[in-house]
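Here, each number is a calculation from the coordinates, and none is a lab measurement. What you are looking at is a predicted structure, and each value in this text was computed from that prediction instead of being measured. We place every Cβ from the backbone using ideal geometry, glycine too, and count neighbours over all the protein chains shown.
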Protein chains: 2
Amino acid sequence: MAERHLKVQLLLTGNEIMSGDTVDSNSALIARRLGELAITVHRKVTVGDDVALLQAELAAMADDSDLVIVNGGLGPTVDDLTAEVLARVTGVGLEEHPDALAHLQDWCGRRRLPLNAANLKQAMLPAGAGIVPNPIGSAVGFEMPVGSCRVICTPGVPGELAAMLDGIVADLARRMDRPMQRSILRLQTFGLGESTAQQMISDGISDWPAEVELGFRAGAPQMEIKLSIDDSAALPARQRCREQLEQLFGDHIIGEGDTTLATRVLELLRERGATLTTAESCTGGLIASMLTRIPGSSEAFHAGFVTYANNIKHTVLGVDEQVLAREGAVSEPVVRQMALGAIERSGAQYAIAVSGIAGPDGGTPEKPVGTVWLAWGSRDNLRSLCLRWPVERTLFQTMIAAAGLDMIRRTLLGLDSEPRYFGQRRV
Amino acid sequence: MAERHLKVQLLLTGNEIMSGDTVDSNSALIARRLGELAITVHRKVTVGDDVALLQAELAAMADDSDLVIVNGGLGPTVDDLTAEVLARVTGVGLEEHPDALAHLQDWCGRRRLPLNAANLKQAMLPAGAGIVPNPIGSAVGFEMPVGSCRVICTPGVPGELAAMLDGIVADLARRMDRPMQRSILRLQTFGLGESTAQQMISDGISDWPAEVELGFRAGAPQMEIKLSIDDSAALPARQRCREQLEQLFGDHIIGEGDTTLATRVLELLRERGATLTTAESCTGGLIASMLTRIPGSSEAFHAGFVTYANNIKHTVLGVDEQVLAREGAVSEPVVRQMALGAIERSGAQYAIAVSGIAGPDGGTPEKPVGTVWLAWGSRDNLRSLCLRWPVERTLFQTMIAAAGLDMIRRTLLGLDSEPRYFGQRRV
């Protein structure tokens, strides 16, 4: 096998994947694990449980690849066809494999299950196939060459596949001349759209080096920028790219790797020995939930208030009833009083308060759906702002919760510059 | 197009799918939506963002299909290649499409965003292509024939794809000679595993009719049971199946269609003119967030409390400090006082209170990670229970939040029977 440029294809089978009843996460897992060895998957094909179709696909793939990984169709039922398909493609028969049978007997024995006919089918493998151990499930994997291509057949049960991949990846690494690890640097951003980021890079960086692959992964609320290299000689070039991106995007970059707004805010709070509280109306507990999803959040987050109704803003957080009546719940004085009330009642140093109109109902000509007031900061340094973010309800809640966390991140970092999305969204 | 036996293939593109950074859920969505028209997807192929590869695949697919749906590659960045690929396959050039441009101008205008060069790329479509409206995003879809095959290009952003599919499926239904809609009845359940449900059906229903296809879609926190038929003559048979399932699973069935625990609880509260409050420790605002995600939730949900720290349970909800010190935060008296405190402070008729150990840290031999006390009901009819649900932190939070909502659903329905998961999880 030509190791660095191994041509790999995936063949996925299963009626439940074709019908959409099951979302295929297995091929992503295989691709990520191969990515650790700097192997890129060239192409993947998915078909239903149909012998003729599978046979044609596998034969064509093997003819054009160094390695084909087949996933699915190893189970005990009649629609599990992978062994038969590989036997047909290689022109051999199926026979009972003693190691596969021993594995099945052991597996059933430990579970005190009878070894029935359906199970026994899982020991019938193409003659000459080698076993790929399954540390979890009843069906072993198997492999054999098809011409100059290696074909490895793996189970569709995600946990079994994951366990089996450890062995497959370790084996591939051993076989490879230069087991070089692809290196991916991921930068997390908030407040930038994919097209804006792309445009800023096109306009701002004229000499992007070919050896640093640039990628984007747009999500809500964050967008990830990926800088991938396949050779450690490209590390200095990537470092220069990173510095240029930091100049371009500045404090819109939250951090590296898996950093989220919530993890970054909690980290900054812990560094300062400070705590944060939340007073949420339109985000309805989502900011609190984003924080408390993170292990260890209890150190910096002690209390949150979901004050959805007007009278609750008064009774629970002490917002002035007359101000509520005069200004409305979605207003600067109300959201500031919510923040101060939450600080007072929780003893926290910092607060985020949010009051807005998530829709689809409740908008008015002056305050249409998507209008939101935020207040954030400390008792002595409380800031506030009105944004308009007219998107679908749950996306609105996600983006506003994230914006609230971003405001606190900026406060804790002492950043005074305005994020780009203020300019576009500010009312 | 030979309508009932339309040969359909999917071509999916995106480096992030090939690398495994993103799990492709779009092809499952497309397959499910086509399934509503009794159209089965024949095959799907996924490749990275590579013009030559995409061109070869699309040409081969179009040559062998009645309909090809391409997904991904409509964005504004240089690695978005779908328009160019379709232009190459059909041998036409790219030109600015006036409707696509108008859509982009409108989209940016409503968001007060400048229309930059990267965006403008999204208006450059193969000459002669028709527009497929995108009700949400900036990139329109487009379609044109390739030989006798119809090719439709759709965006990779899942929400945009979902919105666009409504139009595509409606259009397909109109074009089909026999626009027979596959009819799918979906029943939502909570507290049942897939293998348990399957076993109960195998054991309990011996004469399942062949014309009613049974399917499961396991999710967290709910599991969906699907009963599909392709002919209205099977409606009475399906009705009998449904009644048998209702006998088997009883009050583990929450409702039909898109019903969630949160929508069902809000519906029951509204019918009774009642309100609910939450006092959350380990779920950290997730119950409130699950409720407030639903439009109109403000009618029945006015206030929620996230009392993560012990002293906050005392100061905000009035839990007795001595009880906290003596029994610990994860205890029956504490969780009951949390519920009563939330009812008193919010004026709500019903409360859910939760206190547990989400992990990964904080467990003890007596109260290991996964231990949780729940209290639910009204001031005069408050119940409580300890469960042990030792799973990963965010799944724990999801399942416990759902269990809390399920307890309120059962209370509001006056159900006295214990759900199955009590027996398995009860401490």
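By the helix-only formula, in which each DSSP H run with n ≥ 4 contributes -39500 (n - 2.57) and the sum is divided by residues, chain B has a 222 nm mean residue ellipticity of -12000 deg cm²/dmol.
In chain B, Cα pairs under 8 Å separated by at least six residues give a relative contact order of 11 percent. Ordering A:286, A:67, B:395, B:248 by the number of other Cβ atoms within 10 Å of each residue's own Cβ, fewest first, gives B:395, B:248, A:67, A:286.
Remark: for residue pairs A:44/A:121; A:313/A:367; B:226/B:367; B:44/B:226; A:7/A:121, the C-alpha separation exceeds 30 Å in B:226/B:367; A:7/A:121. Each DSSP beta bridge with both residues in segment A:261-425 is either parallel or antiparallel, and the antiparallel ones are about 60%. Here is the tail figure for chain A: Cα pairs spaced more than 40 Å apart come to 41 percent of all pairs. Put simply, segment B:8-175 fits an ellipsoid with semi-axes of 23, 18, 17 Å; these come from the alpha carbon gyration tensor as the roots of five times its eigenvalues, largest first. Applying Stokes-Einstein at 4 °C and 1.567 mPa s to the Kirkwood radius of the protein assembly as shown, computed over alpha-carbon pairs, gives a translational diffusion coefficient of 44 µm² s⁻¹. Each copy carries a label point for residue A:5 at 7 Å from Cα toward Cβ; from one copy, the others' points are 4.4 nm away, ordered from shortest.
Distance from the alpha carbon centroid of segment A:222-244 to that of segment B:207-284 works out to 49 angstrom. Taking θ as phi - 60° and the Karplus parameters 6.51, -1.76 and 1.60, the scalar couplings of segment A:367-384 work out to 10, x, 3, x, 7, 8, 9, 10, 10, 7, x, 10, 3, 8, 9, 9, 10, 8 Hz in sequence order, x denoting glycine and proline. Taking A:185, A:94, A:291 as the candidate residues, the one with maximal mean-square fluctuation in a Gaussian network model of chain A, Cα springs under 10 Å, is A:94.
For chain B, the antiparallel share of DSSP beta bridges with both residues in that region comes to about 65%. Taking amide H as placed 1.01 Å from N in the peptide plane, residue A:279 has its amide H under 5 Å from the amide H of A:305, A:352, A:353, A:354, each at least 5 places away in sequence or on another chain. Legend: ranking of residues A:149, B:153, A:241 from fewest to most surrounding C-beta atoms inside 10 Å; resulting order A:149, A:241, B:153. Panel order for A:415, A:385, by other beta carbons found within 10 Å of each beta carbon, from fewest to most: A:415, A:385. What the Cα convex hull of segment B:1-53 gives, in volume per residue, is 75 Å³.
Using the Kirkwood radius over C-alpha pairs as Rh, can you work out the diffusion coefficient of segment A:278-427 via Stokes-Einstein at 37 °C, viscosity 0.692 mPa s, in µm² per second? For the chosen part, D equals 216 µm²/s. Sorted from closest to farthest, the other copies place their residue A:207 label points 8.2 nm away, with each point set 7 Å from Cα along Cα→Cβ. Counting only DSSP beta bridges with both residues in segment B:8-175, the antiparallel share comes to about 40 percent. Across the identical copies, the 7 Å label point of residue A:36, projected outward along Cα→Cβ, sits 4.1 nm from its counterparts, in ascending order.
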